[in-house]
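Quick notes on the structure that follows.
The values are calculated or read from the model by the stated rules, or taken from the named source; none is laboratory data. Here the structure is a predicted model, which is why all the values come from computation and not from measurement. Heads up, the Cβs are rebuilt from the backbone with ideal geometry, glycines too, and the neighbour counts pull from every protein chain shown.
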Amino acid sequence: MRFWLQRLGAAILLLLTVSALTFGAMNILGDPLFNILGPIAGDTENPENIALIEAAEAEYNLDKPLPVRWVIWLGDFVTGDFGVQFSEDGQPPVSDLIAERLPRTLTLLVMAQLMAVFISIPWALWSASKANRPVDRASTVLTFAMIALPNFALAVVLKYVFAIQLGWFPLAFTANDPFWSRMWQMVLPAITLAIPAAAVYQRLLRTDLITTLQEDFILTARSKGVSRNAVLFKHALRPSLFSFVTIFAINTGALIGGALIVENVFLIPGLGRAIVEAILREDFPVVLAIVMIVSAAFVILNLLVDIIYSLIDPRVRAA
Amino acid sequence: MTDLTRSSGHDTDHPHLDDAAASLVPAIAGIESHEVPGDGTEVAAKRRVGWGFWVSVAWIAMVVLAAILAPWLPIDDPEVTQPTRVGERPPYPPGSEFWFGTDQLNRDMFSRTIWGARTSLTVGFVAIAFGMLVGGTLGMLAGYFRGKFDQGVSFVFVVLLSFPALVLAILITALLDRSLFTISVTLGILSVAPVGRVARASTISFADREFVLASRTLGAKNPRIIVRELLPNVVIPMSALALLGMAVAVVAEGGLAFLGLSVEKGSTWGKLILNGASSSRDLQEAPWMSFAPIIVLFLTVLALNFAGDRLRDYFDVKEAAL
């Protein structure tokens, strides 16, 4: 019990620190008043504008000290109030934008991770069963190539080959299309994210499998007459999945960053497009909300991994 | 004194010779298996870095030299519009005149790619140098002194790692400016935690060793022990990490370019690729505009990763869970 409380406490402390840093940076380095009022914010000569500025300061708590504003903002954020989009007409709430964009980015991530897992596990099993033979060495070289091609470059190459030359995929995302059509439009971007991820997973799982295959219980199983394939799938795979779980979560962080970039190549209006648009328009609450959501997801994911890990291997809790 | 503690592979000056030796050893070991079976092969396998390493190093050296010497190389000015050919509209495909073709404004892509290397590699180098300096120092001090200071530093590392890297880069570049300096340092801050953790773990593994104790017994103070005893042991394995980190920073610059957040002035590889691919029509009609820098970027990242990975195996670097 103490272990769980400690982990939870650390995660919450981490989230608070991350939010304080993000909020502080936004407020100290950026100019929230300018974001709200535009050029009026700098004009302190005109008495009308001074009144406007003071009204805005009062409304958005800008007259209060920074830590107080952070606490107020945090309270709002936790209860789902992310502020308003200053750059849009009528200033709709940021939560509307998030609700529209987040599902697309999530779909992309889930698709990419599923693809990566379904590619990497059979591939790693196959590689490990042929460890250090020429085919295995060739596949290791291939993983190097898959990791070395950055996601934006891979996106451009895939777009050129499969969308432009072969015409299998549309060039852009159309939000009004029916569900399956939209899913199809996500496939190419998901492949872009899945290729390097699959290579990362394959390399790790292959190494772990090779280590496991040298254990005594594998030898026992083999000598009892279990076939090579059955040993691979039934005996070796499960104990080799420990670090796979960790890298899966850590890599999700990298994939989130990748998704933001890839969305911009394939013109998918997800969180990545949203944050780029918000930065261009200096829409402070939108950027803040997206950064916080992504960071929070990342911290929570890591916490989940710790929990899963300690469930699989109770020794972790004792340490 | 430190020589004794380094891994066994340091005294090899001729890796090619080692390659040959390594391929012979298993044969010998197979024949004379009654003498310490397998022992010699393991050491030999660890010692060699392989020819792939040297090919990678040669490519990196070539790109770095081209980038440094760009102003003096006999190549076209990267910003000057080349004269158009009669009856043909630019961009022109790769050929004997323009090796990498030309772009929409009929500028030489080969020369633009070399000049792009200047900015991209500068970003990569400054970023990892910053990470090594700050992260390495913090990690070593934390690993050496432990206690409260270690807890504080470790917490900072955890906080840095709990931002998805790109999001932190977006945050800083969006709030500050997009000068070469800001972007390099931003990517440098991102490398502080990963580098620092390895430095810390590696320092911890050396801090209790006999040669440190011996040095302390001889009356050496902490600064001397850290600089003269621990630093040489920590810094050499970190060179592998530097190559990997540089690749990450070069790629990160490209990613920022696609978010419209890369270095404002001059061309970078990321900006060149984006320029060639920003409209589907350009990509369809003149794919070389993005593919030429993609290939150079790919080969460079591949070479950095491969060389770094070989070095890491060579020095057996581990981020021990200490």
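Selection within region A:136-166: residues that are surrounded by 13 or more Cβ atoms within 10 Å (Cβ to Cβ) and more than 24 Å from residue B:248 (Cβ to Cβ). The member of this set that is farthest from the other protein chains (Cβ to nearest Cβ) is A:136. Per the listing B:145, B:155, B:149, the residue uniquely within 12 Å of another protein chain (Cβ to nearest Cβ) and either closer than 21 Å to residue A:297 by Cα or at pLDDT 85 or above (or both) is B:155. So which of B:116, B:139 is buried (at least 23 other Cβ atoms within 10 Å of the Cβ) and either in a strand (DSSP E or B) or more than 14 Å from every other protein chain (Cβ to nearest Cβ) (or both)? B:139 is the lone residue from the list that is buried (at least 23 other Cβ atoms within 10 Å of the Cβ) and either in a strand (DSSP E or B) or more than 14 Å from every other protein chain (Cβ to nearest Cβ) (or both).
For beta carbons closer than 8 Å, sequence separation of 6+ or different chains, a first residue in region A:3-26 that is farther than 23 Å from residue B:168 by Cα and a second that is surrounded by 17 or more Cβ atoms within 10 Å (Cβ to Cβ) and aliphatic (A, V, I, L, M), the qualifying pairs are A:7/A:303; A:8/A:303. Of the candidates A:276, A:262, the single residue that is at the interface with another protein chain (Cβ under 10 Å from one of its Cβ atoms), closer than 19 Å to residue A:147 by Cα and either β-branched (Val, Ile, Thr) or surrounded by fewer than 20 Cβ atoms within 10 Å (Cβ to Cβ) (or both) is A:262.
You will find that of A:203, A:281, the residue that is within 25 Å of the chain's Cα centre (by Cα), within 12 Å of chain B (Cβ to nearest Cβ) and more than 23 Å from residue B:167 (Cα to Cα) is A:203 and no other. Taking the condition within 27 Å of the chain's Cα centre (by Cα) and among the aromatic types (Phe, Trp, Tyr), does residue A:233 pass? In short, no. The number of residues in region B:253-276 being out of contact with any Lys or Arg (no Cβ under 7 Å at 6 or more places or on another chain), on the phi < 0 side of the Ramachandran plot, free of Cβ contacts under 8 Å to residues at least 40 places away in the same chain and not aromatic (Phe, Trp, Tyr) comes to 2.
With respect to being modelled with pLDDT under 85, part of a helix (DSSP H, G or I), facing chain A (nearest Cβ under 9 Å) and farther than 23 Å from residue B:259 by Cβ, residue B:167 falls outside the description.
Yes or no: residue A:17 polar (S, T, N, Q), closer than 30 Å to residue A:196 by Cα, within 25 Å of the chain's Cα centre (by Cα) and modelled with pLDDT under 85?
So residue A:17 fails the test.
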